[in-house]
Amino acid sequence: MSSGSSSISAPPVGLGNQPVLEVTDLAVRFTRRGEADTRAVDGVSFSVAPGETIGLVGESGCGKSVTSLAVMGLLPKRNVQVSGSVRLDGQELVGADAETLRGLRGADMAMVFQDPLSSLNPTVPIGTQVTEVLLEHRDMTRKEAVDEAARLLDRVGIPDPLRRLKEYPHQLSGGMRQRALIAMALSCSPRLLIADEPTTALDVTIQAQILELLRELVVDSGTALVMITHDLGVVAGLCDRVHVMYAGKIIETADRHELFARPRQPYTGGLLASVPRLDSPRGAPLTPIRGSARDTIAWADGCAFAPRCDSAQDDCLTEVAGSTVELVPDGPRRELRCRHPIEYPPAPAGATAPGAAR
Amino acid sequence: MTAMGDVKRRRIDELAARAGAVPEGEGGVSLTRSAFRRLRRDPVAIIGAVIVITFLVVAAFAPFLAPRDPLAQTLLSEIRPGNIPGAREGFPLGVDNLGRDILSRLIWGSRQSLMIGVVSTVLGVVVGMAFGVLAGAFGGWVDTVVMRFIDIVLSIPSLLMAISISVLLGQNQYALMIAIAVTQVPIFARLLRGSMLAQRNSDYALAAQALGVKKSRIVFGHVLPNSLSPVIVQATLSLATAIIEAAALSFLGLGDPDLARPEWGAMLANAQAFLSIRPELAVYPALCIIVVALGFTLLGESLREALDPKFRR
């Protein structure tokens, strides 16, 4: 079932525009008896091509992680309703049986989590945890698996891999743990890798190393990478295409350079403006987005971001109550969900500073 | 200038080599080994271990250590109501109401008491863990059914439960062990289930799932090993309670029907009749029970600390 032979850097199959992952109208509802349903993810669609990196960006609670868990089929069965379609290389995953999904996970799609310490079992040596995945998905003897595990650790830049294999997670540094987890995720050269805030728990220099490692691996193996993050620095350094999420919906989609140069959704503009800048005057206050992610209205009543939006007008809230603001095409390779987007003079594209948008 | 630089560089290399050198046996210290190493440094653990090992040695070598036959009735002629011989020459702790050597009976009694404690605890741990794994691994209705059953067992006072079972199974020492084991089962089942449920939602279980590891492998390879340490600790503490409970049951007359076989609880019960005139007859076996229980408790407490991953370095 694994696509992997012994060589990891096999050329990606079908380098055409056939996407590895196609998510269409994905919705996740948490149902609880006696309470109103929570729509954590609400009609999200995106696709990833081989070797491409996309970013899912948004603040805590906007549905990024639930989206990724839904794609991997890792959401609990009870009290959760998943609808829409998730296709991995054309194979439908929503509603697929548990055993099929388990066979795909680790082999064709893998995930790296946020906290590298708690994602490793503290009572089991690193080596056992890496070989476990190899033995599960690839036809290997234990001896071969150990050799392969050492090779994998070496590949992600862990020195002295044979010794490290015998060690326990608490004996490794944070960066090394995350490298080990990436090695595990990539052990069967998956077609799709989802990284859920892989650098949040690490310090800045290690963050840079891990991001560089991920970039190299994606380029080498043609893996499709989905980066889930709230860190715009990560997006700027790594992602080809960015989807900004708010309250369970994608509100703006654009290529990286376009998004940073000309954010159209006021929320995206706010996110970019709130990043501390080295070239701002000393002592200048940061520009936050007012309110918090809890100040939303239902998408069915208009725009969820409207209560916090500076450019919100009456028709964002009251006049069109009962109708959602649609996600519409907005220029080449751009999509936007906003009635009153930030406008730019038709003059040269790079003329407007993103920070000035608000 | 260059000489200075060379010296400095050599010094730095030296320091780096020293810092980088891995101390013997540091590469991959397993959980049990590091716990054992920490136990050896803990004075409380050492005291507990010394007590427990002493009693184990005494029990093992009872035939060689006991100065006399624990069943032989001597000085019968001198024993009359109201006149129980106390300490006398050749009998370090005196004799009981039937003229049997107290010290020899205590030494032989350690066998019986420790065996009941160990066997019933092992039995309780094994059965309790089976229930705990069942409930913790499957969850859902299996969990509900198993746990309600365990709750019912738990709601009956343990001594009452043990009494009913030993009455039910007839009076022999195996019935006693089973009775004590049954009262231990719910504790271990609840404990293991609780810690497995907590571990099942942990990040590494999710990460293993995300890598397509089989469910059985996640339960037995990841969740169970991480849930065991409270069970191990509770087992050492339960050993102490089991010994006390065994003594309590024999005290109530539900113990070993072979009255001749020395056992601390039975000795205590026996001494009750003479408590006002010869209190030491009760003090000796009681002291043994207390000290053994203390030894196991101390060991268990420090084991809890040693196994806690938060203290690992």
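Scalar couplings 3J(HN,Hα) for the range A:179-191, obtained by applying the Karplus form with A = 6.51, B = -1.76, C = 1.60 to θ = phi - 60°, are 4, 4, 5, 5, 4, 5, 5, 8, 4, 10, 6, x, 7 Hz; x denotes Gly and Pro.
In a simple Cβ point-charge model (Lys, Arg +1; Asp, Glu -1; nothing else charged), the range A:176-290 has a dipole of about 300 debye relative to its Cα centre.
With Cα atoms defining each centre, the range A:165-203 and the range A:270-343 are spaced 35 Å apart in the structure. Neighbouring Cβ atoms from other chains, within 10 Å of the Cβ of residues in B:213-225, number 3 on average.
The alpha carbons of the range A:207-278 occupy a box of 36, 30, 21 Å along the principal axes, longest dimension given first.
Using the Stokes-Einstein relation with a Kirkwood hydrodynamic radius computed over Cα pairs, the translational diffusion coefficient of chain A at 37 °C and a viscosity of 0.692 mPa s comes to 151 µm²/s.
Seen from all directions on average, the range A:47-194 presents a Cα convex hull projection of 10.0 nm². Phi-derived couplings, Karplus 6.51 cos²θ - 1.76 cosθ + 1.60 at θ = phi - 60°, listed residue by residue for the range A:304-317: 5, 7, 3, x, 10, 8, 6, 9, 5, 10, 4, 6, 6, 10 Hz, with x used for Gly and Pro.
Here B:MET177, A:MET184, B:MET147, B:MET161 are placed in order of increasing Cβ neighbour count within 10 Å, fewest first, which gives B:MET161, B:MET147, B:MET177, A:MET184.
Projected onto their three principal axes, the Cα atoms of the protein assembly as shown cover extents of 123, 80, 56 Å, largest first.
Rule-based calculations on the coordinates, nothing more; no lab input. In this text the structure is predicted, and so the values were computed from the model without any measurement. In this analysis, Cβ positions are derived from the backbone assuming ideal geometry, glycine residues included, and neighbour counts consider all displayed protein chains.
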